[in-house]
Amino acid sequence: MNITLIPVDGYERVAKAEDPDSGLVAFIAVHNTTLGPALGGLRLWNYDSHDDALTDALRLARGMTFKSSVARTGLGGGKSVIVAKKEDKTPALFEAMGRFVDSFEGLYTTAEDVNVGIDDLVSVSKHTKFVSGLSREMGGSGNPSPYTALGCFEGLKATALEAFGSKDLTGKVIAVQGPGSVGYDLARMCKDVGAKIIVSDVYQPNIDRAEKELGADVVAPDDIYAVECDIYAPCALGATLNDKTIPLLTCKAVAGAANNQLADENVHAKMLKDRGIVYAPDYVINAGGIINVSVEFHEGGYNEDVALKKIHNIDEALTEIYATARDKDITTHDAAQQVAEANLAAEGVGA
Ligand code: NAD
């Protein structure tokens, strides 16, 4: 396996691995370990280019620093990506990834992300102990997605309070982009309290499930932005809030699970504010998964009660961020960033 270090300003360690035997092409980005060793999921995606994959890893790793800082997980920010098609997943690919993760000697610990599940992590764990999110039977905290969804649901209600003056979702129309692992559970919880669900997806089985189980209306992928709704919940990939989509939105609030929702953090947070749309900062609302995983590192190991208590605090964190944004007349993104940076500065080096 060839491992090449890539110097990137503002990042502690970034590397690319190429392993001809298994076909692995992957990047690991460690952004900041001021608050603890970096922890962030492993994403497998069929990127158009290696540069796109590196950019994604860098953006995701930086987001993890802020996410863990606001959620006070005691962890730093890092992320990894494998360049591959979902259909080309093999145990050998993930075993090679394990060797790559191990080369970071504990600076980075991996976990699940898009297209990577517990079985894949079991292969990774054959060559490194720096793996989290393994099954409960194996001493891990299990799949983080239900916990991410729960945190998003709490955060979505806090966002409804800010946008509509009430947490009551009865009759509210929620447009969920990507009812996958997190998006489906979030949509189900919203439906259970009386919301009406609209979905878009590019994967037919997930569309069918949302239609059948939740009675969701379905729109084409590009139509989700302009659809009449109260809350837009982006739960697919990043950068869906951009110059093209923000002018189309009819909602009063954006609250969803996807990472890096804003194509440009400053420009697009401001565009949403100017349109009077309450934006739930992605790394605050989607922290349930990392909070759950972080409890594995507590003394005595994983404890679900501790995790659930911390996940319910997402409501409070967002409520404070909205109050700060209102008082200071700044974007909710800037208000979140202030919390993240204050926590990092309290420990020394900023991000
Ligand atoms: P997933 O793969 O299970 O679900 C994503 C869904 O989005 C899939 O159904 C996919 O087909 C769909 N999708 C992809 N492109 C689309 C498009 N253009 N339009 C509509 N749908 C599209 O992934 P997930 O684990 O549910 O994660 C969803 C998002 O939440 C990702 O951005 C992920 O990084 C983020 N996130 C996940 C977790 C977690 O615990 N799983 C934690 C924090 C953040």
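Of all residues in the range 57-105, those satisfying the criterion of being open to solvent by less than 10 Å² (accessible area, probe 1.4 Å), over 21 Å from F297 (Cα atoms) and not in a helix (DSSP H, G or I) are V81, I82. Candidates V124, V176: the one that is in the same structural domain as F100 (by TED's automatic domain parsing) and crowded, with 23+ Cβ neighbours inside 10 Å is V124.
Taking only the range 135-144 into account, find how many residues are under 18 Å from the mean Cα position of the chain (by Cα) and open to solvent by less than 20 Å² (accessible area, probe 1.4 Å). Don't jump to the end; show me each part of the working.
Step one: of the range 135-144, the residues under 18 Å from the mean Cα position of the chain (by Cα) are 141-144.
Still in the running and open to solvent by less than 20 Å² (accessible area, probe 1.4 Å): 141-142, 144.
The total comes to 3.
D315 meets each of the listed conditions (1) open to solvent by less than 30 Å² (accessible area, probe 1.4 Å); (2) within 13 Å of the ligand (Cβ to nearest atom); (3) in contact (Cβ under 8 Å) with a residue 40 or more places away in the chain; (4) not hydroxyl-bearing (S, T, Y) apart from (2).
Of the residues in the range 32-55, none is modelled with pLDDT of 95 or more, more than 30 Å from C152 (Cα to Cα) and open to solvent by less than 10 Å² (accessible area, probe 1.4 Å).
Among the residues of the range 117-159, those that are more than 9 Å from the ligand (Cβ to nearest atom) and under 18 Å from I174 (Cα atoms) comprise L150, F153, E154, G155, L156, K157, A158, T159.
For C190, the conditions (1) open to solvent by less than 60 Å² (accessible area, probe 1.4 Å); (2) more than 9 Å from the ligand (Cβ to nearest atom); (3) closer than 28 Å to W45 by Cα are fulfilled apart from (3). Check whether at least one residue in the range 98-116 is closer than 28 Å to I285 by Cα, within 13 Å of the ligand (Cβ to nearest atom) and aromatic (F, W, Y), and report yes or no. No, because not a single residue in the range 98-116 is closer than 28 Å to I285 by Cα, within 13 Å of the ligand (Cβ to nearest atom) and aromatic (F, W, Y). Please verify whether P205 is in a helix (DSSP H, G or I), more than 15 Å from the chain's Cα centre (by Cα) and within 12 Å of the ligand (Cβ to nearest atom), treating the condition exactly as stated. Yes.
Just one of the listed residues (D222, D208) is closer than 27 Å to R59 by Cα and of a type in the set (D, E), namely D222.
The values are calculated or read from the model by the stated rules, or taken from the named source; none is laboratory data. Just so we're clear, the structure is a prediction, and the values are computed from it rather than from any experiment. Counting neighbours? That spans all protein chains shown, and the Cβs are built from the backbone with ideal geometry, glycine included. The accessibility values were calculated without ligands, DNA or RNA, using every heavy atom of the protein model including side chains. Shrake-Rupley method; radii C 1.70, N 1.55, O 1.52, S 1.80 Å.
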